[in-house]
Every structure is written in C-alpha cells, then in structure tokens.
Amino acid sequence: MPVKVAAEWLNSCSGCEIAILNLGETLLDLLAELEFVHIPVLMDHKHYGQLGDQEHIDIPSATVGIISGGIRNDEHLEVAHEMRKKCDVLIALGTCATHGGIPALINSYDNQELFDRYYSTESTDPGAAVPTNGISPLLDRCYALDEQIKVDIHLPGCPPHPDNIAQAVLALLNGDAFEPETKSVCDTCPAIRKGKGNISTIKRFVTTPEFNPEESLDQMQCLLEQGYLCSGPVTRSGCSGANGESPRCIAARVPCKGCYGPVKQDGNQLLDMLNALASNGIDISSIPDRDSLLRFSGAHNRLVCHKGGLK
Amino acid sequence: MNIELLTLSEIEAVTGEQGNFTVKIRKNPRFIDEDKCIACGLCAEKCPKKVEDEYNTGLSKRKAAYIKYGQTVPLKYAIDPVNCIYQTKGKCGVCTKVCPTGAINHDMTVEHVELNVGSVILSPGFKPFSPAGIDYYGYDEIPDVVTSLEYERMLSASGPFTGHLKKLSDGKDPEKIAWIQCVGSRNTNCAANGYCSSVCCMYAIKQAVMTQAHQPEGHGEQTIFYMDIRTPGKEYERYYESSKDKGVRYVRARPHSLIKGPDGVGVTMTWADDTGKTHDEYFDMVVLSIGLESPEDAETLAQAGGFKLDRFGFADTSSFDPVATSHPGVYVTGAFHSPKAIPQSVALASTAAARAKADLAPARGTLAIEKKFIEEFDIEGQEKRIGVFVCACGTNIASVVDVNAVAEYAASLEGVIHVENNLFTCSTDTQDLIAKTILDKELNAIVIAACTPRTHEPLFQETLQNSGLNKYMVEMANIRNMNSWVHPNEPEKATDKAKAQVRMAVAKVARNYPLTDIEVNITPRALVVGAGAAGMSAALSLADQGYETVLIEKQDQPGGMANYLDKTWKGEEIQSHLKALTQKISSHEMIQFHTNTELTAVSGFVGSFVGELTQGEDTLDIEFGTCVIATGARESEPAEYLYKKDNRVMTSLEFDLWVSREPDFAASCNSIAFIQCVGSRDDQKPYCSRVCCTQSIKKAVEVKTTNPAADVFIFYRDIRTYSDKELLFEKARELGVIFIRYELDSKPEVITSGDTLTIKGFDPILQLPVELDVDKLVLASAIVPNDANPFVEMFKCSVNSDGFLMESHPKLKPVDSTVDGVFLAGMCHYPKPVDEAIAQGEAAASRASVILSKKTLKLDAIKSAVTHNCDGCALCVDVCPYNAIELVINDQAATKNRVIKTNQALCKGCGICAATCPKEGVVINGFTMNQLKAQVDAILETV
Amino acid sequence: MSNSFEPTIIGFLCNWCSYAGGDLAGVSRLEYPSNMKAIRVMCSGMVHPDLIVDALKKGADGVMVMG
C-alpha cells in the first residue's frame, strides 16, 4: 500500500518543490510508493474545504508530512500546527524550514521597520495606512519550523539537492533511520588546501579568485585560503549530492554562501566562522557584513533586531 | 621519585674524590614529621607566637609554626626553634594538640647524615646587600627609603599589602618614586663590592614599569637614578626602551644625601646633573636597588667543600670550565658563581648537571627507581559504576564544608554506586582501601572530592593503576583549595558549592574513557650543528656523558668566532683552549665530526628525528633523538665612521687580527679610540651586543699596559661590564683610559684631513666639545646572528625579531628551543662571551641528555584526537602552535576526501584546534566538548 | 537589582596559570564569594566559544575564561 504524504509550503519560494520535481526518473519510481493526499503546489486541495465552507483548517491525515518554508505569520503557524497534528513523521524541507533561510534575514529588523521601508517611500504620502485587510497578521519575526512545532527530519538546502530528498524518502519507506550529514561542505570540496597561511584579512568578492578555467576544480586553491569568505567549513554538506559532484557554488568558482545552514542543527555559522577565522589570526573586522554569515540561518534568535543600535 | 630533598640541612664536610665523595650533612630538626604533615596550616593558625616574616622582609608577621611562602617545596610546615615558645620555654605545645595527623614532634634533634655521592653541585645563592649603616642613603632613619627587595614584596599580590602600594611613613599611596641604582654594587667606598650585580638595572626597570601599571591613569612618576643602564641580556634593551615610552624617567646621577621629607613623610634627595648643578628633589618613596653579595656562609661552605673563593666571596671558577670549582667534582651554579639573573642561573644549573652527569656516567641508572603496575582490566562497553570519595582533610575541609551532606548528595547522582567519607583520602591506607573498593564494587570511574588535581591527581591515578583501572578514569573535585579554604565564613554556601563541584566531577567522569599514555622511541644519538666554542662544548659534554654524538660544521675547520679571539677578559688564552677542545672532539670515540657539512632537511620529532646531512655533492641521512643548534653569530659590517673608507678605521675583530700580526703595535701606538655600539642599540638593531664593552676595554687595557704614554679613548653610551667584568672597567680607568659618553642623537663624528684621522665629539664631564686625532679607530660593531631561517623551516622553531633563535621560556627553559628535543647554545641564541657560550653549550648538552638517557619517552594521553566529523576543512592546521596537525587523504573513505592527522608526539593537548573546529572534528582526550559541556550543565543544574 | 542576587559564574581556568592561581588563593586563604565554579582546562585556548554561548544561553550569569 502506498504511503500517504501531505506537503505544505509556508514562508517559502517553491524552490524546494521544484527540487522534488528535479528528482527526475527517481521520482517516477518513488511515486508508485507514495500517495499525495495534500500538496497545494500540485493539487487543488483547499484548507477550509473546496468551497471554503468549513470553519476549521483541515488537512488529511498522512504518514509523512513535508513542509517547506519557515513561519512568519498566523496562517503559517496554523497550517504548521495542523500538519503536525495530521502527520506521523514530519520533514522540514529546505533551509527556510530548518533555519529560517533567506526570509529570516528580516529578523534584523522589527515589523515596524519593515512596514516603514516597504509602505513608506519618498513618493508616498505621509500618514498612509499599512494595509491589513486579507493579509495574515505577521508574527514578531521569522521562525524555523522547530521553533514552533516538533520536527522529525531536517533536510536543509536552498534548495536541497534532489539526492538528499531521495535518500530521506527511501530511508522512510524502508523503515530505516535517516541520518543527516555530519560534515561540512569542505568534505566534498576538491580545492587544494594547505592551511590558512599568512592570510590576515578577508577580501570582498569583488575580485576574481585565482584559478585556471581550463583546469579542473582540484587544481584551484581553496577560496578561503585565497582570502575570500567561504562558508564551506561551517555549512552542512549535501549540495554535492550523492554521486561525487563538487559543491555547487565552488563548482562555479564562487565561495560557499552557506545555504545548507550550520553543520550541526543547533550550530551557529556566524560564531563558528568568526571563531575559526580569529583563531587563524584573521582580522574579523575586515569582514564588512558579518551578519551575512547568517544569511541562511537567521532564525532561532541568531539574527536579532538591534533597533537603535547595539546596546 | 628520584630526587631526595633534605631540607634544613647544611654540608659539614666533603671528603673523597671526584666520582666518590662522602658528604657529611647536618640535618636540623623541622619539629614536624614531613611524612605526616598534610599542610593544613592548623599549627600556624593556632600558634600563639608571632614573629617577623622574613619572606616579606619583615613587613608582615608569621607564626613560629610556619611555611615560608605558599609555593614552598615540599609543602610542609616547620617550627622555628628560635621563636617557638615550647622550644624556648618548654611550655605551650598548642600545635601538638591541634595537629590532626600527629605530625608535630618537639623532640626532634639534629641528625647527621652521611651520603655517598659521585659529584656535588653547590647553589647556595646570594645575600642581598644591606644598606643599613650607610648614612647618606638614610635607610635606617627614613621610613620611606626601602630596599628593592622590600619594594618587590610590597608590589606583590601575595605580599604583605596584597599588592597595594603604600608609604611606610603615613600609609598613603605614593605618587613619586625614585630608584637609586648600584647600592652596594660597583662601589668600593661604602662596600667592598667592586663588581656589578648584573640584575639590578633590569629589576628596577621592571619595578618602575609595574608601578606605573599599578597607578591610575595620569598618576605616578617613576625615576631611575643610574650610572650606566646595563641591559645586555636578550630582549632587555627592548624592555628598557619600552619603559621610556611608558613614561619611566631616567637620570644619570648618583644621588647623595637623602633626608626625611616634611613631617617625616617621603624623602628629599640631592643629586647633581652632568653640568654639576645640584638639585633637591622630593620623592614619596626611594627604592635602593641593592646588589647581590656572596652568601653568608660562603666561607664555611668553601672550607667544608674544599674549594676556593674569589676576592668577593663567590666561587672561584675559570672561563673554560665555568662551573668547576677548584675542587674537582664539586660544581657551582647560580648567583654563588657570580651575580646573575634567572635565565643565566637556570642555564648554568644545567651546565653543572652536565658536568656531574659526565662524572656519574659509568654508574648511570644504577640507583634509579621506576614504578611498575599490574595489568589493566577492560571496561569497554560497561555502564559507568562511579565511586565518590569525599575527603575531610582532617578539619581542613570538614570544618567548613559539611562533608557528610556532600557524600549523601553524591550518592543521589546518576551512575554513582559507592560513596565514602575519608578523614584523609590521600593517606597511604586510604589509597589501599580505594584500590580494594574499586575491585570489590567493580567501580570503573572514580571521583575524589578533596584538594587540587594539580598536586594530587598523579597520586590518585596511581591508586587506580594499582587496582588495574585505567588511570584516566579519575576526576577530582577541588573542595579544599577552591572551596573550604576560600569560603571559611560561608559554610552553607561552601557546602552547596562542594555539591556542585562533585556534580561536575561526576558528570565529567561519566564521560571519561580509558586512555593510553604515549610512548615514543628514542634514537640514542645527538646531533650538534655548529662547531664553535658552544657546539664543541656541547658535543664533548654529550660524548663524555656516554652518548653518541654527531657534530657538523659548515666551515672547513672548527672554532667559529672563537678563532678570532685571543684572550678572555681574565687573560686566559682562548686559542690553546680551542686547540685542546678540537683535539678532544676529533679523537673522542663517541663523536663523529664532519666539516664542510650542513643539515639540509629534517623530519620527525623529539626522540626520533631524521635529518639529511649535505657535504658538497653528497648527502647522508642520519637519525637522531635530539639536536643542539649552535650556529653562532658574526660581527656586522659597520656602515659609518669612515669604515672601509680609511684603512685606520677597523672593527674589533679586524683590530685583534691586526694586533696579532703586528705584535709591536701597542708600543708604537700614540693614540687610539674605540667607538661603542656601532650598529647596536639603534633602530635597526635595537639590542645590545653584550660583549663589545668588555672587548674594547680589554684591548684598551692591553694598549695602556704596554704603552702607558698612549692616549686611549672610548666613546660609549653605557658601559656594560656586567658582573666581575666591572673590575676591568675599574682597571682601565685607573690606567688612564679616557671614557667619553655620547648619546644616540649626538654620535661622534669621524673626519680625515690630510693624514689626520680626527674624532669630534662632546665630553659631558668637561661640558666641552673635543677633537681627538688618533692613529687607529676601532669600531665595536654589532653582533648579528647567522641565518637561522633554515632551522625555522626544518624544525619549525622560531626566531625573535632580531633573528636570534628563541628559547622555549626565557627564564624557565633558557636553552630549550621552542621545539621539543631541540636545544640552543652559543651566539645563535644571543651574543655572549666565550665562557657563557661554553656554559650554554654544556647546558644544552645536559638538557639533550635528559632525552637520550631513556629508551622511550612517555607522554601523557591528554592529546588531540580526530573524530569522524573531521572533513578536512583545514581551519585547524595553522592554528596549532606545535605544528602537530597535517592534512592527509582519508584512506578509510571510498572517496578521496581529506582529514587531518595529529602527531601525538608533537601535540601538547592545548586544544586550540578543538576550539577552532566548527564541528568537533578534533577533540582533546580527557577534555572533550562533551565533557566540558557536561560540566557546564552540571553547574547550571538547579538542585 | 536586589542584594540577594547570587550570580552563577562559570570559570574556565587554565591548569598552568589561573587554576594554579586559584589553588594558591586557597593556600594563601584569600577569601572570595562562592559563586564561581571552576572548570579546569589544559589551556584557555581549548575553550570553544560555543561553550561560552551555550553556558550563557542555559542561564549562566557570567563566564570567565582565564589563561
């Protein structure tokens, strides 16, 4: 009998859903084993009944629940609780769900600042009201799923590599425990590494790293060792998939941006990276925007609003 | 275990001969049994007799039952029979009543011990000069005139005022403080101490800098009155210069007439400046920088030991065998050799040990004791069965902490299956009991709640080993030093804290796992690089101790810079000594000597290095256990004073060479000048080259002795004839050598007009410009190190900013390099005269032989360990201070990913790698994140 | 803040210096408040910032790293 699956998307962009589709032929094999009972991105199944006639949110029961996106407003929260109620095993899919992701960058600002910036520009009349009608009220900040509901499996990535999704789903189908990666992006990165050498400051990525485009990646010196801020060491691996590819950004000769979030679920990319750089004698004040190390993991109170400056 | 400490003991007689002495020792009674004393301090607390505390120079009180200071070794109390009421009047005995271990024994008497030893090393130290009775310093009259030793105690956080400076007159904070240098040194007037005490300039600077640091911003003024600032040691000059930047004021004057300030507070001091003008200046305090004298009982000791003293009462020694007294087999070290600072004292101690070890070589190891343990049982996979032993330490802990409540609490903790209270957990019978309990109750993890692991962990580790349990399965909760002793008035809080401490220790030990000490095989061979005076002395000492030694020299002949020197300042012939030394190393059966040879590559670590020797086209691999680097230094080429432009201008060494070719020179020389500090003590080379003052003055004396009519001038900045070299300076002045001081910003000028070589300068004593026509000008040019970078590359050792190789610790390990198993000797470490180079060569040999004397090197197991989390991100590679981490291909994995590998022999367990790693890819065994976090959690757990 | 506030302070003390200093304070019978609990480390360099942040997050009022 196929396994019932319910999927939801909250504060997200649909990239994770596209990653599911990107499973390609593997998806065909999996589909036979799965029965999607609720997946708004693909199937028309409404929260309050097809006619909008029900008072309470209703998602069908499922063995496996998949949620992409974090929680930013009352609606997200309500849906998340309903998913938790109806699903036996809940998967947080993608970094927005696991660590807040890009939308959690808002956590550096409070809602008032957000509204001021968004609804009040040079050309708007003073005193214009902020629209409220038909818009779900915002929570105070952007949350990762596990800050609000219990999550069984974390599958980070922006988006997660289809191989990661396949591994997790297959493990579930086989009744095996799914073990997330415990290593960092460096694990699969083929760049030449020697140690941090004499680097004392971090360069902005406005110059091109040294490499020969004719040569393969394993002939290129580690970008961090070249002085660029590469989040590889503090970012969970996975973006290389299961078939020996190179990390996605590195393959494009671009430093890792940290999209898989911290290596350990409760890790702190900013703290770990600054610590490691400082230990290596690198002047961390040379990094112009240190908070950018949390660009994918700003939930869990990592990025906080310092209205009126740091106290 | 192999050192027996006889305290309160004096040598009465030394008989016999080198290699077989009988030493008669008088062991004065301590009146406290060392084996029983647990240093609880109750005797001192209850002792009713207060006496002046000599350790705090009489500024505080101690009891008649006392320890001299907190770090005393052995940490055992003693009763001072001169002051003890029971000893003097036969009544009291409070200490006997309160001592919890029955250690007090007022019936102890003098014991006479006879020891059979192979050699004797004397290090009785020095006596601080007493300024009492010298009227113009007013030490006896003026409360705010103190000696530097008194001031040192006043500054000390463990001193009588807990580091808070105050005037002895009115108890207020002093603002303006002056130091007067050379009190009892370089003085044949009020004291018969013609020598320089070597250490006072540095300690005065240090005290001034530390005083500045004690003062709030904008307060305090420190002035040092001096004759010459003598900072000729490694990094000393830099410290002196930095003290000026910090605001320390220096005045070249020898103050006289100190009188009490207004209302008996402070000091009014009269001093004269260069122009002869006198100043009356008020200071809140004046510190007399007192010198070092030979120890009180030097005469008695010399008689008992059968050796000679010099005219100042220090041991009489020679430059070529610096630690040997006139009695063969009796050696001397420390300030009793000659006044010296800690680095030289510690290095010289190793020199003395080297000489003694050579004497003892045939009997080496015959009396050594080694501990053997039973086989360890396996606890892998077992659940933790924790035993907690709570010590009362007599009343030391129990009088404050409720030890029964702590034990009761411990029993409630997870994993704890056995708890016990002990009166003294460290006593021998309790040790046996613990070992038995481990077996009876099948315990596999132990917590000792007692004193500090720093002193007692090894003891309890041994207890575990005696039962067969892995020694790393014990943790200590320090409920004495860090609890009952510091919270005596808060018993409830102290008990709560003790519970938390036990909880922490249990939480940690629950996460301990067995560890194995590391053993490294030792290649029984030493490599000495550089065959100058230091290198040859090192090689010869190692060989004389019975170790195979390979000595290599880059040049085609040995001798190094010593080849260019004729005599030491004392007049000993260097060339004949060098010849004898060369003869010995060439013929010694334990020495392989290669000239024209360089060390070109090194791998490995202490105990098992592999090196590549290159001789021309040929290379040879050599295994060695330890290495002495003695690559020397050289005279730099001056860039000023018409050097190379006028052939009458030459460097010190060129002058020596020239004199040796022109033996009649002195007789025909009418005038000669020396300029000091050429290239030293300036922006480029901000260090003092140490040897040049003595070198130039020695030459000046030679000229003046041969031809008294000759005019001899020395242009100098500070004359730095430290120690007894001062006598040479005195002699030069007596002979009429003219010393003209100059400052860095007003250097003398050298010009030629026609055939005349003229030096223009300014004489601060005459307060007039001078122009001197001379026949020869000798430039005392700076000593620069030979390139040490290859060694930095090969051994990963380090050099200081002047290019001299760095010692591991300037005071505690002055001849060890920063890399284990590699030692430094001679001028590659810092410029030094022949006697010091020889001493350091032998010292390095002594340190090296400590490694070679064993077959394997045992290292503890608190080291880094790579976990499966490591992904080779390499962030930790460069942070390791010991270069113990390398990146390797992980051969365990199917893919070619990388991991780090740590070298256990190089790792010191500092854990910087673990603190750098973002994913616990590397941990320190015994101090894992898991263990530390468990302790944090245990602290924060609310009960 | 009331006078009854008793902060929980965690001290990471280096075995070779500050822990030794703590021992010496004991030998010298210097009194200080009992709020600080010491965790002995072999070098203050082994104290990972995560430990400090973790301790503060879990409720420590202060963390001292001495070395």
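The values are calculated or read from the model by the stated rules, or taken from the named source; none is laboratory data. Nothing here was measured: the structure is a model prediction, and the numbers come from that model. Reconstructed Cβ throughout: ideal geometry from the backbone, glycine too, with neighbour counts over all protein chains shown. Accessible surface is based on the protein model in full, side chains and every heavy atom, while ligands, DNA and RNA are left aside. Shrake-Rupley method; radii C 1.70, N 1.55, O 1.52, S 1.80 Å.
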Would you check if B:R717 is touching a residue at least 24 places away in the same chain (Cβ under 8 Å) and over 28 Å from B:D316 (Cα atoms)? yes
If you take the residues in the stretch B:357-393 that are among the aliphatic types (A, V, I, L, M) and surrounded by 14 or more Cβ atoms within 10 Å (Cβ to Cβ), which one is nearest to B:G415 (Cα to Cα)? B:I386
Just checking, how many residues over the stretch B:868-882 are aromatic (F, W, Y) and over 32 Å from the mean Cα position of the chain (by Cα)? 0
Residue by residue through the stretch A:170-192, note down the ones that are in a loop (DSSP other than H, G, I, E, B), open to solvent by less than 70 Å² (accessible area, probe 1.4 Å) and over 16 Å from A:S240 (Cβ atoms). A:G175, A:F178
Checking B:R62 against (1) open to solvent by 40 Å² or more (accessible area, probe 1.4 Å); (2) under 28 Å from B:V287 (Cα atoms); (3) within 14 Å of chain C (Cβ to nearest Cβ); (4) of a type in the set (K, R), only one condition comes out false. Which one? (1)
May I ask you to say which residue of A:I67, A:I57, A:I71, A:I102 is touching a His at 6+ places or on another chain (Cβ under 8 Å) and either modelled with pLDDT of 90 or more or not aromatic (F, W, Y) (or both)? A:I57
Restricting attention to the stretch A:196-224, and to residues there that are buried (at least 19 other Cβ atoms within 10 Å of the Cβ) and at the interface with chain B (Cβ under 10 Å from one of its Cβ atoms), which single residue is nearest to B:N897 (Cα to Cα)? A:C222
Looking for something modelled with pLDDT under 90 and closer than 19 Å to B:A914 by Cβ - is there at least one such residue anywhere in the stretch C:34-55? no
Return the residues of the stretch B:683-723 that are assigned to a strand (DSSP E or B), open to solvent by less than 10 Å² (accessible area, probe 1.4 Å) and touching a Gly at 6+ places or on another chain (Cβ under 9 Å); say none if nothing qualifies. B:V712, B:F715
Test result for B:C92, open to solvent by less than 40 Å² (accessible area, probe 1.4 Å), farther than 30 Å from B:A353 by Cα and not hydroxyl-bearing (S, T, Y): no
May I ask you to say which residue of B:N396, B:N404 is at pLDDT 95 or above and either surrounded by fewer than 19 Cβ atoms within 10 Å (Cβ to Cβ) or in contact with a Lys or Arg (Cβ under 9 Å, 6 or more places away or on another chain) (or both)? B:N404
Here's a check for you: in the stretch A:250-265, which residue that is open to solvent by 50 Å² or more (accessible area, probe 1.4 Å) and under 14 Å from A:S184 (Cα atoms) is farthest from the other protein chains (Cβ to nearest Cβ)? A:K257
Among the strands (runs of 3 or more DSSP E) lying completely within the stretch A:27-118, list those that include at least 2 residues that are under 24 Å from A:A166 (Cβ atoms) and open to solvent by less than 10 Å² (accessible area, probe 1.4 Å). A:62-68, A:87-93
Those residues of the stretch B:843-862 which are farther than 24 Å from B:E623 by Cβ and open to solvent by 10 Å² or more (accessible area, probe 1.4 Å) amount to B:D860, B:I862
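Quick grid of which residues meet (1) of a type outside the set (F, W, Y); (2) more than 21 Å from B:V850 (Cα to Cα); (3) open to solvent by 60 Å² or more (accessible area, probe 1.4 Å); (4) assigned by TED's automatic domain parsing to the domain that holds B:F791:
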residue: B:Q583; (1), (2), (3), (4): yes, yes, yes, yes
residue: B:S587; (1), (2), (3), (4): yes, yes, yes, yes
residue: B:F593; (1), (2), (3), (4): no, yes, no, yes
residue: B:N596; (1), (2), (3), (4): yes, yes, yes, yes
residue: B:G604; (1), (2), (3), (4): yes, no, no, yes
residue: B:E623; (1), (2), (3), (4): yes, no, yes, yes
residue: B:C627; (1), (2), (3), (4): yes, no, no, yes
Residues to consider are C:G62, C:G45; find the one that is more than 7 Å from chain B (Cβ to nearest Cβ), open to solvent by 10 Å² or more (accessible area, probe 1.4 Å) and on the phi < 0 side of the Ramachandran plot. C:G62
Residue under evaluation B:R153, criteria (1) closer than 30 Å to B:G70 by Cβ; (2) open to solvent by 30 Å² or more (accessible area, probe 1.4 Å); (3) of a type in the set (D, E, K, R), criterion not met: (2)
Among residues of the stretch B:439-489 being over 37 Å from the mean Cα position of the chain (by Cα) and without any contact (Cβ under 8 Å) to a residue 24 or more places away in the chain, the residue farthest from the other protein chains (Cβ to nearest Cβ) is B:D440
Specify the residue that is nearest to the other protein chains (Cβ to nearest Cβ); the eligible residues are those in the stretch B:911-936 that are open to solvent by 20 Å² or more (accessible area, probe 1.4 Å) and in a loop (DSSP other than H, G, I, E, B). B:E920
Among the residues of the stretch B:493-500, are any open to solvent by less than 10 Å² (accessible area, probe 1.4 Å) and either more than 9 Å from chain C (Cβ to nearest Cβ) or touching an Asp or Glu at 6+ places or on another chain (Cβ under 7 Å) (or both)? yes
Restricted to the stretch B:198-253, and to residues that are without any contact (Cβ under 8 Å) to a residue 40 or more places away in the chain and among the basic types (K, R), which residue is most open to solvent (accessible area, probe 1.4 Å)? B:K246
Does B:L940 satisfy being more than 25 Å from A:G232 (Cβ to Cβ) and either within 14 Å of chain C (Cβ to nearest Cβ) or open to solvent by 40 Å² or more (accessible area, probe 1.4 Å) (or both)? yes
Within the stretch B:863-873, how many residues are open to solvent by less than 20 Å² (accessible area, probe 1.4 Å) and away from every other protein chain (no Cβ under 12 Å)? 0
